[in-house]
Amino acid sequence: MSDNAPLIVAIEGGGTKFVCGIGTDPHNILDTARIDTTTPHDTLENVSHWISKMKVAHGPIAAIGIGTFGPVDLNRDSETYGYITTTPKPHWQQTDVVTFFKNRFKVPVGFDTDVNAAVLAEYLWGAGQGMDPLIYITVGTGVGGGVLVNGQLLHGLLHPEIGHLIVPPPHNSLAIQREGQCPFHRSCVEGYVCGPSIAKRWGVKADALPPDHPAWEEVADVMGYALMNLTLTLAPKRIILGGGVMEQPHLIPLIQGKLMQHMNGYLSVPQLSHDIERFIVKPGLGGRSGLLGSMALGRMAIANKAL
Ligand code: ADP
Ligand code: ZN
């Protein structure tokens with residue numbers, strides 16, 4: 001490790017905690033901290049206080065990278081660039097995150113969604129190396145997805161919102177609540193497969209369901225449709241599935257099977273037959289992809305000083 005590699009602060013902003021780290025690369029993380037997500041004011045001040053302490057301990061920082069829950073405004077021409085915008089999370093609507101850190105620390109600030117940060121880290125250092133396009137999906141408290149195409153994180157009208165892809169309702173569902181649970185859509189992915197949706201539909205928390213419970217077949221069925229739609233639209237070379245619900249070890253093989261079943265032989269590529277275990281995979285960086293991706297966002301901010 002070169003002594004003069006720039007020191008980056010990485011911040012992974014989540015609904016329950018902000019995970020922070022300081023270092024130069026994934027193999028050289030000097031310190032980390034976990035700060036509770038409360039009000040925007042208190043949370044950002046606490047993160048800022050931690051950064052100031054880190055500067056005293058480790059020296060000047062070159063950039064800050066932030067990957068956060070959203071929706072966020074990533075359009076550089078927008079007046080609300082760098083904001084967390086219409087989140088349902090109480091108090092956090094229209095929070096200007098980027099300006100807060102830029103004004104406080106006078107360094108370039110990289111900013112993106114937590115899942116775009118995750119896909120970037122998996123591409124650089126994890127299970128998606130050399131795989132472009134690459135998709136990272138988290139199935140946890142919600143369902144989110146980040147997409148990397150042509151070496152760039154995908155932004156446009158907004159950023160990918162993979163959790164709200166529409167899927168057919170599970171056929172002959174055995175759930176207590178058969179309906180999808182998203183307040184916006186009758187039959188979207190998140191309404192069936194995120195942890196809270198599973199708990200509402202089956203009356204049991206996702207982590208307490210046994211592996212042979214019929215809920216998992218339905219989760220896999222819905223995920224299979226989502227992955228089919230993504231495969232057909234974005235032509236990914238690999239899709240990475242992370243998040244708490246994906247901790248169930250039997251789920252990935254079930255999802256692989258459903259994806260092939262739904263495709264029904266339409267595409268004849270190894271990734272959708274004997275090579276599917278290398279197409280739909282677990283994260284290579286475990287739970288660290290959000291934080292490490294935020295570090296990569298900080299590095300990129302140095303490269304394009306426009307930030
Ligand atoms: P977040 O999405 O808030 O970042 P997680 O990815 O850990 O956090 O997701 C939390 C959700 O995942 C909860 O709804 C929880 O019930 C579910 N979950 C956590 N661990 C497991 C597990 N081993 N099996 C199934 N569901 C789990
Ligand atoms: Zn929805």
Cα centroid of segment 183-258 to Cα centroid of segment 69-125, whole Å: 27 Å
What number comes out for the charge environment of residue 41, summing +1 per Lys or Arg and -1 per Asp or Glu over other residues with Cβ under 15 Å away? -2
Report the normalised scattering of segment 1-155 as log10 I(q)/I(0) at q = 0.09, 0.17, 0.19, 0.21 Å⁻¹, calculated by the Debye formula with identical scatterers on the alpha carbons. -0.28, -1.06, -1.31, -1.52
From the gyration tensor of the Cα coordinates in segment 221-300, what semi-axes in whole Å does the equivalent ellipsoid have, largest first, with each one equal to sqrt(5λ)? 25, 15, 10
Pull up all non-local amide H partners of residue 93: gap of 5 or more, or a different chain, and H-to-H distance under 5 Å with H placed in the peptide plane. none
Rank-order 228-241, 36-49, 126-139 by packing density, defined as the average count of other C-beta atoms within 10 Å over each peptide's residues, highest first. 126-139, 228-241, 36-49
Once you charge only the Cβ atoms, +1 for Lys and Arg and -1 for Asp and Glu, what is the size of the charge dipole of the chain about its Cα centre, to the nearest 20 debye? 300 debye
Calculate how many DSSP beta bridges within segment 127-282 are antiparallel, expressed in % of all such bridges and rounded to the nearest 5. 55 percent
Could you tell me which of rounded, prolate or oblate describes segment 79-198, using a ≥ b ≥ c as the square roots of the eigenvalues of the alpha-carbon gyration tensor, with rounded for a/c under 1.5 and, failing that, prolate when a/b is larger than b/c and oblate otherwise? oblate
Per-residue [θ]222 nm for the chain (sum of -39500 (n - 2.57) over DSSP H runs n ≥ 4, rounded to 500): -10500 deg cm²/dmol
So what's the chain giving for Cα Rg divided by 2.2 N^0.38 Å, two decimals? 1.01
Above 27 angstrom, tally the Cα pairs of segment 127-282 and express them as a % of all pairs, no decimals. 18 percent
Checked against a 21 Å limit on the C-alpha separation, the offending pairs among 17/53; 17/282; 89/282; 258/282; 17/237; 200/258 are 17/282; 89/282; 17/237; 200/258
Cα-Cα separations in segment 31-123 greater than 15 Å, expressed as whole percent: 64 percent
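Where a number appears in this text, it was derived from the coordinates with a stated rule and is not lab data. For clarity, every value in this text was computed on a predicted model and none was experimentally measured. Positions of Cβ are backbone-derived with ideal geometry, glycine not excepted, and every protein chain shown enters the neighbour counts.
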